[in-house]
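The values are calculated or read from the model by the stated rules, or taken from the named source; none is laboratory data. Note that the structure is a prediction, hence the values are computed from the model and not measured. So basically every Cβ, Gly included, is an ideal-geometry build from the backbone, and we count neighbours across all protein chains shown. For accessibility, only protein heavy atoms count, side chains too; no ligands or nucleic acids. Shrake-Rupley method; radii C 1.70, N 1.55, O 1.52, S 1.80 Å.
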Amino acid sequence: MARKVLVLGEVRDGSLRNVSFEAVAAAKTAAEGGEVVGVLIGDSVSALGSEFIHYGADRVITVEDEKLKQYTPDGYSQAVMAVINEEKPEGLIIGHTSLGKDVAPKLAAKLESGLISDVTALEAAGGNLVFTRPIYSGKAFEKKIVTDGLIFATIRPNNISPLQKDEAKTGDVSSLSVEIKDLRTIIKEVVRKASEGVDLSEAKVVIAGGRGVKSEEGFGPLKELAKVLNGAVGASRGACDADYCDYSLQIGQTGKVVTPDLYIACGISGAIQHLAGMSNSKVIVAINKDPEANIFKVADYGIVGDLFEVVPMLTEEFKKLLI
Ligand code: FAD
């Protein structure tokens, strides 16, 4: 059944995040031959419309207002609701990012619709759209279909491949004027705590440190390795609790969920709450002094040793291969 599906794009530092392109690919599947409409919200986002189209959106609607310069749940939900009222889509796809996790339930409540969150795969099979999502902290997957009403899902970054970029693809970029009012939150300043560089939740390579790194300085060799592999640095809660790094780096049940191509766990024991955030990574390498550490149970490759010896060695070897 062909349907119209909206995709909410996410803009960071003036660029569309990769998860937005993955969301377009998911929307293409959900549209089943129908139209995919990108939605861009901000104070000056229309220049990004063509890139959205190059990645598969058929057309793009922008809602621009200086009150939308920074994300607020009220502002964004007003803007998206206005587009929904105008377009009357049968589907809505959003990235399962901090923004998506915040705004999607609010929209679902306003729309009195269901929401399938944290989708890792989507396929059209047997006349149904089948959504796959992890349950029980990633220990099992469930498959869901929507039998009635809006198809509304958030998709986990790094799981659904974006479509091939086609710079020849063209489409309409139009703007919708929306009166943004009654904002209960005003963002005065954004103070960035995480280090600059590759975004942790979208990184293809994650080098994570645990209590085994022993200090803030102990993250130094991990940062070096991340730099060589163009990856991001993450952490266990143990490392965050010990004040070795910021909580924005925490991976796990109560932190970020990551699914990189390569996850290197350094000095992390592998508590169940940590595994909940990384066990679906494609290749897991564990470095730990303790051969009995639980992390080795989920690792594809295990190195029993001192991380302060092993990590610099890996960095040197990768440098020879990559630089
Ligand atoms: P530890 O368990 O202390 O492990 C340190 C490891 O480093 C050990 O295995 C040790 O052998 C190794 N090591 C030490 N020195 C070296 C060295 N020089 N070289 C190599 N290896 C070395 N945790 C999370 O990570 N994320 C979460 O989201 C999360 N949420 C939680 C939610 C709840 C409700 C609760 C109760 C707990 C949660 N936790 C979470 C905490 C979790 O249970 C563990 O306490 C935590 O993950 C342990 O962190 P760690 O592995 O760094 O530390």
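What do you get for the angle between helix 98-111 and the principal long axis of the chain? Use alpha-carbon atoms, 0 to 90 degrees, nearest ten. The two axes meet at around 30 degrees.
Please state the shape class of region 254-323: rounded when a/c is under 1.5, otherwise prolate if a/b exceeds b/c and oblate if not, all from the C-alpha gyration tensor. Oblate. Relative to the longest principal axis of the Cα atoms of the chain, helix 18-31 runs at roughly 50 degrees. As a rough guide to protection, the peptides 65-72, 109-116 ranked by mean Cβ packing within 10 Å, highest first, stand as 65-72, 109-116. To the nearest ten degrees, helix 73-87 and the longest principal axis of the Cα atoms of the chain are 40 degrees apart.
Could you work out the local net charge near E51, counting Lys and Arg as +1, Asp and Glu as -1, over the other residues with Cβ closer than 13 Å to its Cβ? The answer is 0. In the chain, helical runs assigned H by DSSP with n ≥ 4 each contribute -39500 (n - 2.57); averaged across all residues and rounded to the nearest 500, the mean residue ellipticity at 222 nm is -8000 deg cm²/dmol. In a simple Cβ point-charge model (Lys, Arg +1; Asp, Glu -1; nothing else charged), region 38-167 has a dipole of about 580 debye relative to its Cα centre. When the accessible area of region 1-51 is split by element with a 1.4 Å probe, what percent falls to carbon and sulfur? Carbon with sulfur: 44 percent of the solvent-accessible area. Other residues with beta-carbon under 10 Å from the beta-carbon of E224 carry, at +1 per Lys or Arg and -1 per Asp or Glu, a net charge of +2. Cross-linked pairs K67/K88; K143/K204; K4/K227; K144/K223; K106/K227; K28/K204: Cα-Cα separations exceed 32 Å for K4/K227; K144/K223; K106/K227.
In the context of the full set of protein chains, region 159-212 has a per residue accessible area of 73 Å² (1.4 Å probe). With semi-axes defined as the square roots of five times the eigenvalues of the C-alpha gyration tensor, the equivalent ellipsoid of the chain measures 37, 21, 18 Å, largest first. Rg of the Cα atoms in region 185-282, relative to 2.2 N^0.38 Å, amounts to 1.03.
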